[in-house]
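Peer 1: Input: one structure, supplied below.
The values are calculated or read from the model by the stated rules, or taken from the named source; none is laboratory data. Because the structure is predicted, anything quoted here is derived from the model rather than measured. Don't worry about glycine lacking a Cβ; one is built from the backbone with ideal geometry, like all the others, and counts go over all protein chains shown. Areas reflect the complete protein model, heavy atoms only, side chains present, ligands, DNA and RNA absent. Shrake-Rupley method; radii C 1.70, N 1.55, O 1.52, S 1.80 Å.
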Amino acid sequence: MKKAILLSLEVDRQADGRKSLGNASILASLDSHNIPVKNIIIAVNSDDFNVNRITEEVIIYIKRHESSGDDCFLCLGLYVWNEESSQTLIRQVKQRTNATIILGGPQVSYASKGKLEAAYPGVDIFIRGYGEKALVAAIEGQHENVAGIHLAGLPDKGLQADHSLEDLPSPYITGLLPIVSSIHWETQRGCPYACEFCQHKSADNRHKVKTFSYEILEEEARLFAQANVKRISILDPIFHHSEGHALRVLQILKDAGVKAEISLQCRLEMLTNDFLDALNGLKVDLEFGLQTAIRSESLLIRRGNNMKTAAQKLKQLKQRQIPFEISLIYGLPSQTLESFKRSIDWCHQHGVTRIKAWPLMLLRGTALYERKEEFGFVESDEAIPLVIQSNTCSIEDNKKMAELANQLNLGQLEPNHLLAPEYGVEQDVIFYRA
Ligand SMILES: C[S@@+](CC[C@H](N)C(=O)[O-])C[C@H]1O[C@@H](n2cnc3c(N)ncnc32)[C@H](O)[C@@H]1O
Ligand code: SF4
């Protein structure tokens with residue numbers, strides 16, 4: 001009998017009890033093909049995480065099943081934060097068991113063609129792209145039917161597994177993911193943009209956006225309403241990129257009687273009156289990634305923020321009293337401590353009361369990852385490496401940015417206190433023209 005061990009080494013960022021939707025979606029797919037699964041989810045940043053202990057547990061489990069004649073498949077999702085632990089675990093499992101090791105996740109999806117075997121010795125099968133159907137095919141031995149499956153040692157085509165989302169089983173409807181008070185939800189995947197720091201663009205650069213089945217979304221929304229869910233974080237990279245889709249999902253939520261607070265990732269410049277009107281009757285919290293208010297910086301990361309339109313949209317949001325937050329990134333190419341302060345000032349001057357700021361991460365497959373030398377990026381030596389220095393920002397200034405970010409994230413930075421005396425109307429004018 002075939003037996004899958006689905007091991008998710010995650011980062012517990014929220015500490016709110018939410019289980020990973022990605023893991024559950026793969027679990028639901030394996031389950032719908034009657035592949036028995038041992039699902040193990042562990043946070044690598046928890047105090048009691050110990051890679052040797054989990055490795056021993058996995059090996060004991062595999063050996064027990066191998067001795068009863070089972071074929072075991074160890075399936076791992078590789079992320080920037082679990083590279084080291086995964087490598088240790090893979091090495092041991094390979095040496096001491098006969099399990100087939102299957103590796104997927106962004107670190108594999110975004111790895112260059114022909115580079116996987118050397119980077120991850122011991123792995124038998126690699127999956128680039130969506131894992132749901134490809135993993136089933138890999139375990140069932142139907143590799144040739146699915147793009148994105150690469151068998152170690154054979155020519156690497158560098159393709160991505162890319163399938164419709166419409167017929168994927170729902171982890172919520174199947175009951176594999178409990179509906180708790182705060183949940184994650186997906187209604188579509190992919191992003192049509194290509195911001196240079198972001199992994200959300202499709203790995204093969206085709207920027208496809210795919211939607212889940214509306215029938216399934218309707219049934220899930222009814223379940224969320226019945227369970228009296230308090231918060232739904234919709235993970236779609238840009239929820240309203242297709243207005244037709246956004247309006248339909250908002251209507252589904254209203255029809256189902258969902259009372260939860262719904263957080264949505266949106267883009268300021270793309271807000272329309274129809275979309276804003278459709279939010280009426282729902283308790284929403286909009287999250288906008290601005291990243292920088294300095295146009296030249298936004299152009300360098302292929303973000304191209306239109307600050308005039310962004311300012312108009314902020315005005316509309318305030319007039320309509322729609323709650324929202326804005327996120328910035330520090331450590332960006334050409335950014336300085338001073339320009340980061342100007343981005344914060346811009347938000348404050350436009351009445352933004354909730355600002356979040358995050359350190360730049362160089363994620364595999366993104367353009368900034370490839371331009372590390374050009375921008376003089378230096379990264380920290382942590383599980384999730386962060387940019388701590390660049391051509392235009394010293395380590396000391398980066399620390400000051402981190403302090404400001406910390407204050408912002410805690411809601412403790414008073415508006416306008418950063419304004420340098422020389423940063424007045426004149427600079428403002430220059431800034432708008434930029
Ligand atoms: C998943 S993204 C989606 C944002 C939204 N689609 C947008 O473009 O406004 C959410 C936020 O994560 C942060 N983020 C994404 N990639 C990042 C990176 N490489 N380094 C630092 N922060 C990043 C950004 O602040 C971004 O706004
Ligand atoms: S930051 Fe947002 S808009 Fe840009 S590529 Fe990522 S998801 Fe798309």
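Peer 1: Determine which single condition LEU159 fails, assuming it passes every other condition in (1) in the same structural domain as LEU76 (by TED's automatic domain parsing); (2) surrounded by fewer than 20 Cβ atoms within 10 Å (Cβ to Cβ).
Peer 2: (1)
Peer 1: Going through segment 300-312 one residue at a time, which ones are within 15 Å of ligand 1 (Cβ to nearest atom), modelled with pLDDT of 95 or more and out of contact with any Phe, Trp or Tyr (no Cβ under 9 Å at 6 or more places or on another chain)?
Peer 2: THR309
Peer 1: Give me the residue from segment 339-397 that is open to solvent by less than 40 Å² (accessible area, probe 1.4 Å), hydroxyl-bearing (Ser, Thr, Tyr) and away from ligand 2 (no atom under 16 Å from the Cβ) and, out of that set, nearest to ARG295 (Cα to Cα).
Peer 2: In this case the residue turns out to be SER339.
Peer 1: Report the residue count in segment 1-45 for those that are farther than 26 Å from VAL229 by Cβ, at pLDDT 95 or above and either open to solvent by 40 Å² or more (accessible area, probe 1.4 Å) or charged (D, E, K, R) (or both).
Peer 2: Total satisfying the criteria: 5.
Peer 1: Please determine whether any residue of segment 69-79 is modelled with pLDDT of 95 or more, surrounded by fewer than 18 Cβ atoms within 10 Å (Cβ to Cβ) and over 22 Å from LEU151 (Cα atoms).
Peer 2: Yes: one or more hits.
Peer 1: Also, I was wondering about something else. What are the residues in segment 242-263 that are in contact with a Phe, Trp or Tyr (Cβ under 7 Å, 6 or more places away or on another chain) and either among the polar types (S, T, N, Q) or closer than 17 Å to GLU287 by Cβ (or both), if any?
Peer 2: The answer is ALA246, ALA260.
Peer 1: Tell me which residues, restricted to segment 91-119, are closer than 22 Å to TRP81 by Cβ and part of a loop (DSSP other than H, G, I, E, B).
Peer 2: Hits for segment 91-119 are GLY105, TYR110, ALA111, SER112, LYS115.
Peer 1: For PRO385, all conditions in the list (1) in contact with a strand residue (DSSP E or B) (Cβ under 9 Å, 6 or more places away or on another chain); (2) modelled with pLDDT of 95 or more hold save one; what is the number of the exception?
Peer 2: Here PRO385 meets the rest and fails (2).
Peer 1: Search segment 174-195 for residues being within 16 Å of ligand 1 (Cβ to nearest atom) and assigned to a loop (DSSP other than H, G, I, E, B), and hand back the single one that is surrounded by the most Cβ atoms within 10 Å (Cβ to Cβ).
Peer 2: Going residue by residue through segment 174-195, those that are within 16 Å of ligand 1 (Cβ to nearest atom) are 184-195.
From what's left, assigned to a loop (DSSP other than H, G, I, E, B): 186-187, 190-195.
Values: GLU186: 19, THR187: 24, GLY190: 19, CYS191: 21, PRO192: 15, TYR193: 15, ALA194: 16, CYS195: 21.
Within segment 174-195, the match that is surrounded by the most Cβ atoms within 10 Å (Cβ to Cβ) is THR187.
Peer 1: Take the conditions buried (at least 20 other Cβ atoms within 10 Å of the Cβ), in contact with a helix residue (DSSP H, G or I) (Cβ under 8 Å, 6 or more places away or on another chain) and part of a helix (DSSP H, G or I) and apply them to LEU135. Does it pass?
Peer 2: yes
Peer 1: If you take the residues in segment 326-338 that are within 11 Å of ligand 1 (Cβ to nearest atom) and among the small types (Gly, Ala, Ser), which one is most open to solvent (accessible area, probe 1.4 Å)?
Peer 2: SER327
Peer 1: Failed condition for PRO359, given (1) free of Cβ contacts under 8 Å to residues at least 60 places away in the same chain; (2) touching an Asp or Glu at 6+ places or on another chain (Cβ under 6 Å), with all others met?
Peer 2: Unmet condition: (2).
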